[in-house]
Amino acid sequence: MPELPEVETSRRGIAPHIEGRKVKRVIVRETRLRWPVPSDLAELLEGEKLLSVARRGKYLLLQFPQGHVLMHLGMSGNVRVVSQQQAVIKHDHVDIVFAGDKILRLNDPRRFGALLWTSGEVAEHELIRHLGPEPLSEDFTLERLYQRSRKRKQAVKTLIMDSRVVVGVGNIYANEALFKAGIRPGKAAGLVSKAAYERLYDEIREVLKRAIEQGGTTLKDFVGGDGKPGYFKQELLAYGRGGKPCTVCKKPLKEIRLGQRSTVYCTSCQS
Ligand SMILES: [Zn+2]
């Protein structure tokens, strides 16, 4: 599933090729995404200039003079910039054709993604409004995280994965950050000390930053080619390593389900 670093990498990959260009045509081959693609999308976009490609949480925000296209990659989506010669393949649901033979192409086999339009204030959109701070922005502070955790009985892992607390900490990154911070994922959020939150806060930012940096090496995958943008293989210490030796103490890592999500931790390094 594309997580925040993949979405940010997608943004960086596509933006330089389409920003500042006018939309010539919009081709919608499949309207049934998570929500229907607006039937008047072509009318709204044709002739308009794309001002910028931004990101909020896992939403790509394509800014036009009249409003924004909100794009979400769901479970399996990807976007890339192709030319007209690039043959359409299965699950290529939407093309936004820009001047200069640049086509923004959305592919999404499972169709959990979304492509929506809003003419209002994008920050007030119902899908955006309740999002917490961006993890790498100054709005996300240790103090804010710590205060949100007080008197909370829910697991600390569940807390940091709550997008109202902070956006973009998906399951993989929550596992990694908790491992590196030495905190048990199932521990009640309210019982985790301030010192531990300090480590966790740093590790959350660190794992996401590193993933975005690694993603940077795949930027060329977002242009041309029929391959899917390579969601980067990362060195993961916890996630996906249940039963394998802890990289610190060599004891086998324990795997449990927490809030229906696979959770891996070391019973001796994390407390
Ligand atoms: Zn260990």
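The values are calculated or read from the model by the stated rules, or taken from the named source; none is laboratory data. Given the structure is predicted, the values throughout are model-derived calculations rather than measurements. With ideal geometry, Cβ positions are generated from the backbone for all residues, glycine too; neighbour counts draw on all protein chains shown. Accessible surface is based on the protein model in full, side chains and every heavy atom, while ligands, DNA and RNA are left aside. Shrake-Rupley method; radii C 1.70, N 1.55, O 1.52, S 1.80 Å.
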Practice problem: Please verify whether the stretch 45-54 includes one or more residues that are crowded, with 19+ Cβ neighbours inside 10 Å and part of a strand (DSSP E or B). | Solution: yes
Subset of the stretch 66-79, residues outside any strand (DSSP E or B) and surrounded by fewer than 23 Cβ atoms within 10 Å (Cβ to Cβ), comes to 66, 74, 75, 76
In the stretch 257-271, anything open to solvent by 50 Å² or more (accessible area, probe 1.4 Å), within 13 Å of residue 156 (Cβ to Cβ) and within 11 Å of the ligand (Cβ to nearest atom) is listed as 271
Residue pairs within 6 Å by beta carbon, gap of at least six or interchain, first lying in the stretch 68-80 and touching a residue at least 60 places away in the same chain (Cβ under 8 Å), second assigned to a strand (DSSP E or B), listed first then second, are 78/107; 79/106; 80/105
Of (1) in a loop (DSSP other than H, G, I, E, B); (2) open to solvent by 60 Å² or more (accessible area, probe 1.4 Å), residue 63 fails just (1)
Residue set 96, 18; condition open to solvent by less than 10 Å² (accessible area, probe 1.4 Å), in contact (Cβ under 8 Å) with a residue 24 or more places away in the chain and in contact with a Phe, Trp or Tyr (Cβ under 9 Å, 6 or more places away or on another chain); output residue 18
